[in-house]
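S.K.: The following block contains the structure, expressed as structure tokens.
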Amino acid sequence: MKHAAFLRAINVGGHIVKMDHLRALFEAAGFRGVETFIASGNVVFEPSRKSAGDLERAIEIHLKKALGYPVATFVRSMPELAAIVKLEPFGPESLKPPDSIFVGLLRSAVSKDARRQIAALSNDSCKSSDAESKIAPANSAYSKRLTKVMKGFGDMTLNGQKINYKVYMTKDVNAWAMGNGCVRVYSGLMDMMNDDELRGVIGHEMGHVALGHSKKAMQTAYAVSAARTAAGAASPGVATLTSSQLGDITEKFINAQFSQTQESAADDYSFDLMKQKSMNQKGLVTAFQKLAQLDGGKSSMMSSHPSSSSRAQHIQDRIAKGS
């Protein structure tokens, strides 16, 4: 199987390497089918039977000996690259020319310390969003209604955290949840939906948390913000983020769009949760139907695919089957 090696320090910073020479170096290392793509250190090759980590170390040792300086190397298989290309972290509608997606490759999985930073980001991002939003008073009709709606979920936790819910007073139609138990529902959404429909939507948003989608969205928002502002140059902790950077991360998270598979999985999570809690599952169907009518289904909540109508039909089919 072909692999691709992404090399740093090639034809930058005075390190000039001709591509025919680079191909010869890979062939000398025992690799077959060696090709290069533009003059930036991207090499496609057929490796021996080694893991990606072993390949990276072997290539780095070989190139340092041949070139006289370290060349950080990241190796990915063709299926892994295909998965990267297929991924739509922001949804198909959020990127328009001349926008681009920058992909960062890591040597290993994100560390526990980094994961703790991401968890801390949820707390700080929720506080940042609250500070920038008009929150309905506890004694308002909106807050009292949301309390009634949330009672349907009983004493369940979200990602092991107690659910903390509030209403944002805005005409926008939206709702979201974070891994720290933060659930926010917009008054514009409450105005257009009944209680059963709200439970369906909230269950869907909590599904993204329970299934790990929101964690990935927060990680993506953190990485994109760091790349854009160069805040990640020194691997900063959450405590070093400026209010502007934190606001940027929060905005990216709230506006994040999930993949088709993630949206469908969150739909099924909400359906199963409503069934478990003896809620009216038809509320999820009519919620999708109402959202499909909102700006022709192009609202921020429904901008990802599959379409709202097909999602409503899927839930109707599950209700009919009793599953």
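S.K.: With every protein chain present, what is the per residue accessible area of segment 149-190 (1.4 Å probe, Å²)?
M.R.: Computed with neighbouring chains in place, this is 41 Å² per residue.
S.K.: A follow-up question, please. Need one number for segment 98-208: average projected area of the convex hull over its C-alpha atoms, nm².
M.R.: Seen from a random direction, the Cα hull of segment 98-208 projects 9.3 nm² on average.
S.K.: Please find the FRET efficiency linking Q161 to S309, where r is the Cβ-Cβ separation and R0 is fixed at 25 Å, and quote it to the nearest 0.05.
M.R.: 0.15
S.K.: In whole Hz, with x marking every Gly and Pro, tabulate ³J(HN,Hα) for segment 278-290 from phi via Karplus 6.51 cos²θ - 1.76 cosθ + 1.60, θ = phi - 60°.
M.R.: Computed from phi, the couplings for segment 278-290 are 6, 8, 7, 5, 5, x, 5, 5, 5, 5, 4, 5, 5 Hz.
S.K.: Hey, another quick one. Mind putting together the pair-distance distribution for segment 159-222? All Cα pairs, 5 Å bins, whole percent per bin, short to long.
M.R.: Reading upward from the zero bin: 4, 19, 26, 24, 18, 8, 1.
S.K.: Between K321 and S51, with labels modelled 7 Å along Cα→Cβ, what's the label distance in nm to one decimal, could you check?
M.R.: Between K321 and S51, the simple spin-label model gives 3.9 nm.
S.K.: Calculated FRET efficiency, K134 and D195, Cβ-Cβ r, R0 22 Å, to nearest 0.05?
M.R.: Working from the Cβ atoms, E equals 0.45.
S.K.: So, one more: Percentage of Cα-Cα pair distances in segment 153-195 greater than 18 Å, rounded to whole percent?
M.R.: 31
S.K.: Provide the FRET efficiency to the nearest 0.05 for the S264-Q293 pair, computing r from the beta carbons and using R0 = 25 Å.
M.R.: 0.75
The values are calculated or read from the model by the stated rules, or taken from the named source; none is laboratory data. Bear in mind the structure is a predicted one, so any value in this text is a computation, not a measurement. Glycine gets a Cβ as well: all are built from the backbone with ideal geometry, and neighbour counts include every protein chain shown. With ligands, DNA and RNA removed, areas are computed over all heavy atoms of the protein, side chains included. Shrake-Rupley method; radii C 1.70, N 1.55, O 1.52, S 1.80 Å.
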